[in-house]
Amino acid sequence: MKTLLFGNGINIEFGGADNLSKSIILRAIKGAKEADFPVDIIVDDPSLIVSLLGHLFLQVREILNGGYDSYAYTTDLKGCLDDFKRRYSIRKSLNVATIGFEDYYLLYDLMCYKYKIKNPEKYHIREALKCFFLYSIFNNGRVNQIYKSYPAKLADFFNAFDELYTTNYDVNVETFSRKKVNYLHGAFHIKADVYDPDSMRNKMSDSPIKDCIIDEKYYYLYSNALTTYSGYSKMFSIKQHGDANSAMDKMAKAYQENETIKEAVNVWEKDANEIVRKMAEGIKLKLGDSNLEFKETYPIKEFTAISDELSIVGLSPNNDTHIFNMINDNGLLKSIVYYFYDSEEIDAVSQLLNSHKLDFVNVTELWNRYR
Amino acid sequence: MGIDKKIEIINALGIVIGSVMDATEAMTEYSSLTLPKKKYLYGEAHRILRRNNKPFNEAQPMMVVDIGVCAAENGVDPLTIMLANLNKGK
């Protein structure tokens, strides 16, 4: 079996600088000032989100000086903070556009801890920030037109693989190659569970879609696209529904077979804690319809089972360590080819994939072969 | 104005706009610009500051973004743009 895993590098190669993080941020800021900015979906007053970006950037100096070290409460957050400091402290000059857009979520989390901003406000503001960036990445649909710049010969490259996986949200390779693509971080055309009227989440009494009018013109803002700074939190989101389904199955079975658990769940329905009440409601729903489950929209199980040959193109080792960890733990792989853009990636990838023998090829050679 | 005082002011401006560049490096970057570029950046900075003529708490984050965009588009540090304003493009 031959598998290809590709990332944003392919969009930068054929779509140009529009797809760089710097352009995404500059376009996001400009987009927020345009008359057609979807204020009804993202934020009523777009200047608020621009102001938030300014506030986040203002924390960078303090972060680099260690002023946020005591707010990184978890091992994962500490690791991400150290990585942020390592990457940016060597830069002599920084501005709002030189901070990677996913790193803004790290700045946001740290600021929330410092200023004690909690849910639901923390969640809603984060969602607005996410939509602000997704709106820019989508670029009025231009991101889905990049395949028009692919050389015809590139079809031979995609055809050489049995399975295609990507961390991108666009459909360029799927449109161009007419092969199924698996979207590890979600895709613009796949709805997030909270916006799917048939999802288990929306069968519950506090259905999030009840108070939401979906504007299909901006379908991509309701998508399951994952954007965050940490591989750990991406992995948490990816596995969340599978884990929830497994728990619901076990609880529903126990409810039917174990009288003590049945009584406990019945008591939970009136518990003061909302999460406990929701758990009981979920179990009762599952008992009423055993087919009901949280939709697993990230093809993680399939990806952990890939075997034989893997080629990795246009995927940076930064921010996506969870994917590299999965590959490293995969004993079914016999050979891995990593196409690098910058020779500095070789060391980082060698460390991340130290269980495998790797072949490194300059990606420019690959693209030249298919021009 | 003495050089020490000037460095102090530039460093303070750096804190206000979140620049990580040292004052002396910003002065070097500013000196390397052509006169038309200095004048252009002064005009941009002047426009940004006028546009954000609001209470400081409200103005600062917006100014940080506007100056940051200008810096990114012109390949200079945000502090160099503030320096262009301080020197009135000279």
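The values are calculated or read from the model by the stated rules, or taken from the named source; none is laboratory data. This structure is a prediction, so every number in the text was calculated from the model and none was measured. Because the Cβ atoms are built from the backbone with ideal geometry, glycine has one as well, and the counts that use them run over all protein chains shown.
Laid out as a table, the results:
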item: Single residue of A:Asp206, A:Asp211, A:Asp243 found to be more than 15 Å from A:Asp40 (Cβ to Cβ), without any contact (Cβ under 8 Å) to a residue 12 or more places away in the chain and among the acidic types (Asp, Glu); result: A:Asp243
item: Whichever residue in the range A:71-102 is charged (D, E, K, R) and more than 14 Å from every other protein chain (Cβ to nearest Cβ) and, among such residues, is surrounded by the fewest Cβ atoms within 10 Å (Cβ to Cβ); result: A:Arg86
item: Residue among A:Leu64, A:Leu53, A:Leu20, A:Leu4 that alone is over 23 Å from the mean Cα position of the chain (by Cα) and either within 12 Å of another protein chain (Cβ to nearest Cβ) or closer than 30 Å to A:Glu163 by Cβ (or both); result: A:Leu64
item: The listed residue being within 11 Å of chain A (Cβ to nearest Cβ), buried (at least 23 other Cβ atoms within 10 Å of the Cβ) and not basic (Lys, Arg), out of B:Ala71, B:Ala59, B:Ala84, B:Ala45; result: B:Ala71
item: Any hit, the range B:20-27, residues being in a helix (DSSP H, G or I) and within 11 Å of chain A (Cβ to nearest Cβ); result: yes
item: Hits in the range B:1-28 - residues which are among the charged types (D, E, K, R) and under 24 Å from A:Gln59 (Cα atoms); result: B:Glu8, B:Asp22, B:Glu25
item: Residue pairs meeting the criteria (Cβ under 8 Å; at least 6 apart or on separate chains; first within 15 Å of A:Met111 (Cβ to Cβ), in the range A:54-82; second of a type in the set (S, T, N, Q)); result: A:Gly54/B:Gln60; A:Phe57/A:Asn95; A:Leu58/B:Gln60; A:Arg61/B:Ser19; A:Leu64/A:Ser89; A:Tyr68/A:Gln59; A:Leu77/A:Ser230; A:Cys80/A:Ser230
item: Filtered residues of the range A:317-346 (kept if under 22 Å from the mean Cα position of the chain (by Cα), modelled with pLDDT under 95 and among the acidic types (Asp, Glu)); result: A:Asp320, A:Glu345
item: Test: residue in the range A:303-316 that is under 23 Å from A:Asp196 (Cβ atoms), within 16 Å of the chain's Cα centre (by Cα) and crowded, with 17+ Cβ neighbours inside 10 Å; result: yes
item: So A:Asn139, is it touching a strand residue (DSSP E or B) at 6+ places or on another chain (Cβ under 8 Å) and either buried (at least 17 other Cβ atoms within 10 Å of the Cβ) or within 14 Å of another protein chain (Cβ to nearest Cβ) (or both); result: no
item: Residues of the range A:181-196 classified as in contact with a strand residue (DSSP E or B) (Cβ under 9 Å, 6 or more places away or on another chain) and assigned to a loop (DSSP other than H, G, I, E, B), total; result: 8
item: Residues satisfying the stated conditions in the range A:108-142, i.e. within 17 Å of A:Val43 (Cα to Cα) and of a type in the set (A, V, I, L, M); result: A:Ile125, A:Ala128, A:Leu129, A:Leu134
item: Residue within the range A:79-102 that is over 29 Å from A:Tyr222 (Cα atoms) and in contact with a Phe, Trp or Tyr (Cβ under 6 Å, 6 or more places away or on another chain) present; result: no
item: Members of the range A:138-171 that are farther than 22 Å from A:Thr227 by Cβ, assigned to a loop (DSSP other than H, G, I, E, B) and out of contact with any Lys or Arg (no Cβ under 6 Å at 6 or more places or on another chain); result: A:Tyr150, A:Ala152, A:Lys153, A:Ala160
item: Long-range neighbours under 9 Å by Cβ, at least six apart or interchain, first residue assigned by TED's automatic domain parsing to the domain that holds A:Ser70 within the range A:111-124, second among the basic types (Lys, Arg); result: A:Cys112/A:Lys118; A:Cys112/A:Lys122; A:Cys112/A:Arg126
item: Candidates A:Ser70, A:Ser23 - the one that is modelled with pLDDT of 95 or more, under 25 Å from A:Pro151 (Cβ atoms) and not assigned by TED's automatic domain parsing to the domain that holds A:Asn182; result: A:Ser23
